[in-house]
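Student: Quick one: the structure is below, and I'll ask about it shortly.
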Amino acid sequence: MHPSPLLGPIVALVAWSLVMMVWLYVARLPAMRRAGTDFAALRGTTSGDIARIVPPEVQWKTHNYMHLMEQPTIFYAIVTALILMGFDAAINVWLAWAYVGLRVAHSLVQATTNVVRLRFILFLLASLCLASLTIHAALYLLHHG
């Protein structure tokens, strides 16, 4: 049995999320040191407290990492459902890779320039891919379930 080609986009997006996690810490920790942050004194603080310590361009990476923990969870669920249904048709593979590519592009925009209009367009296009995957899964279940 060969693994589903839909597994590639799942693995790729998880890997990208880990890249963003490393990037946020590589940016955040030095910024906190430059701000003279006493790390021992951070006990009990929130991310909002830290946001007041570091510059916005450092926070952009943190915000993007949090975004990668939100909507993509639905992506993982629907793509896993498609795999379990055996519905890894080429269109679904293409849509899944498009979703991943758009999320990576969204991350790069948010983490570097944070142009909201461009971020919104990328988010909207990725959401359309996600909606299409969901519609395909629902139609497949209606016809084969």
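Bear in mind that the values in this text are calculations on the coordinates, not laboratory data. Since we're looking at a predicted model, the values are computed, not measured. Note that each Cβ is placed from the backbone with ideal geometry, even for glycine, and that neighbours are counted across all protein chains shown.
Student: How large is ³J(HN,Hα) for each residue in segment 79-85, as worked out from phi by the Karplus curve 6.51 cos²θ - 1.76 cosθ + 1.60 (θ = phi - 60°), to whole Hz, x for Gly and Pro?
Tutor: Once rounded to whole Hz, the list reads 5, 5, 4, 4, 4, 5, 7.
Student: Please compute, for the alpha-carbon atoms of segment 7-144, the extent along each of the three principal axes and give them in descending order in Å.
Tutor: For segment 7-144, the Cα extents along the three principal axes come out at 61, 30, 20 Å.
Student: If you don't mind, there's one more thing I want to ask. How far apart, in nm, are two points set 7 Å out from the Cα along the Cα-to-Cβ line at LEU142 and at ILE91?
Tutor: Between LEU142 and ILE91, the simple spin-label model gives 1.3 nm.
Student: Helix 90-112: angle to the longest alpha-carbon principal axis of the chain, degrees 0 to 90, nearest 10?
Tutor: 10
Student: How many nm is it between the label spots at LEU18 and MET69, if each spot is 7 Å from the Cα in line with the beta carbon?
Tutor: Roughly 1.7 nm, to one decimal.
Student: Could you give the angle, 0 to 90 degrees to the nearest 10, between helix 7-34's Cα long axis and the longest principal axis of the Cα atoms of the chain?
Tutor: 10
Student: Let me ask something else. For the chain, what is the mean residue ellipticity at 222 nm derived from helices alone (per DSSP H run of n ≥ 4: -39500 (n - 2.57); sum divided by total residues; nearest 500 deg cm²/dmol)?
Tutor: Estimated from H runs of four or more residues: -26500 deg cm²/dmol.
Student: Let me ask something additional. If I fit a long axis through the Cα atoms of helix 116-144 and take the longest principal axis of the Cα atoms of the chain, what angle between them do I get, 0 to 90°, rounded to 10?
Tutor: Here the helix axis deviates by roughly 30 degrees.
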